[in-house]
Amino acid sequence: MTCLPKVEVVLHSLDRAAQLKALRERHIDVGFNRFFTEEPDLAWEVIQTEPMSVVVPERHSLAKRASLSLAELAELAELARAPLVLYPRAPRPGFIDYLMRLFHDHGLTPQRVQEVDDVLTAAALVASNLGLSLVTESGRSLSIRGIVHVPLAPADRATVALCIIHRRFDDAAIPRAFVEVARSLGQATVEAGRSGTRRRPR
C-alpha cells in the first residue's frame, strides 16, 4: 500500500468459515467474501457490485450474441442443449444457491445443472462444449482458450456483491488503511468494467 509503504500484504486462500475463524484469532486483518451474514463481532461492507456474464463455447451459435437472458439459459438447459455448469459445490449456501434463487425469482427452474468444484473447472467444461456457465465481471479475466463471455441481459438485474470483512471494534491503523484502499480499488474496477468490451480468447 502506497500510504503505508513498509506494510507487506500477504494473501491467503480461505473459505468463509476459515476466514471468520482467522479474523477472530487475529491471524488475518481483513477478509473478502461474496455471501456474508451478520456476526456480532465482525463488520462488513460492500466494496463492489459486479454484473454477470454467460460463459459460452467460442464456436457456439450464441457466442456472437450481444446478451443472453436467464430465461434463454433455463430453456436451453430444459431442452438438453446446454446444461448449466455451476460452482462451487461447497461451502453452502454459496454462489450456486444464489444463482438458483435468481432463476426462481424470475419464475424459472433450470432442469439440467452440473455442479463442479470451482470456476476453472466450469470454464474448462464450457470450452469442451459440455454446457454453459455464469461468472462475475472479475471472472472474465480467466485465461482459458475456447470460451467467450456474453453479458447477461440487463433486464435480469443480476449482480453479485463483493464484501470486505474486518473486526468490528479494531481501530488499528493498518486494517483501517487497507479498507480505504479496497474501497477505492473496488470503485475503480467497477468504472473500468463499465467502459470495457467483451473479452475473447487470444
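The values are calculated or read from the model by the stated rules, or taken from the named source; none is laboratory data. Keep in mind it's a predicted model, so treat the numbers as computed, not measured. Reconstructed Cβ throughout: ideal geometry from the backbone, glycine too, with neighbour counts over all protein chains shown.
Out of the residues in segment 12-23 that are without any contact (Cβ under 8 Å) to a residue 24 or more places away in the chain and of a type outside the set (Gly, Ala, Ser), which is farthest from residue 91 (Cα to Cα)? By that ranking, first place goes to 12. Note on segment 93-120: residues that are of a type in the set (S, T, N, Q) and at pLDDT 90 or above amount to 1. Where residues in segment 27-38 are among the charged types (D, E, K, R) and either touching a residue at least 40 places away in the same chain (Cβ under 8 Å) or assigned by TED's automatic domain parsing to the domain that holds residue 137 (or both), which of them is farthest from residue 157 (Cα to Cα)? Filtering segment 27-38 for residues that are among the charged types (D, E, K, R) and either touching a residue at least 40 places away in the same chain (Cβ under 8 Å) or assigned by TED's automatic domain parsing to the domain that holds residue 137 (or both), the one farthest from residue 157 (Cα to Cα) comes out as 29. Applying the criterion of being touching a helix residue (DSSP H, G or I) at 6+ places or on another chain (Cβ under 8 Å) and more than 13 Å from residue 131 (Cα to Cα) to the residues of segment 53-71, the residue that is surrounded by the fewest Cβ atoms within 10 Å (Cβ to Cβ) is 67.
Pairs linking a residue in segment 113-131 that is touching a residue at least 40 places away in the same chain (Cβ under 8 Å) and assigned to a loop (DSSP other than H, G, I, E, B) to a residue that is surrounded by 14 or more Cβ atoms within 10 Å (Cβ to Cβ) and not aliphatic (A, V, I, L, M), with Cβ atoms under 7 Å and 6 or more positions apart or on different chains, are 129/57; 131/83; 131/114. Kindly provide the set of residues from segment 32-57 that are in a strand (DSSP E or B), modelled with pLDDT under 90 and closer than 14 Å to residue 21 by Cα, ordered by number. Passing the criteria: 33, 39. Of all residues in segment 5-26, those being surrounded by 12 or more Cβ atoms within 10 Å (Cβ to Cβ) and either assigned to a helix (DSSP H, G or I) or modelled with pLDDT of 90 or more (or both) number 8.
Considering the conditions (1) touching a strand residue (DSSP E or B) at 6+ places or on another chain (Cβ under 9 Å); (2) in contact (Cβ under 8 Å) with a residue 40 or more places away in the chain, residue 9 is excluded by exactly one of them, (1). Among the candidates 17, 66, the residue that is within 30 Å of residue 172 (Cβ to Cβ) and within 22 Å of the chain's Cα centre (by Cα) is uniquely 17.
I'd like the residue in segment 169-190 that is within 20 Å of the chain's Cα centre (by Cα) and more than 17 Å from residue 28 (Cβ to Cβ) and, out of all such residues, is modelled with the lowest pLDDT. Selected residue: 190.
Screening 77, 66, 90, 123 for residues that are at pLDDT below 90, small (Gly, Ala, Ser) and more than 30 Å from residue 166 (Cα to Cα) leaves exactly one candidate, 77.
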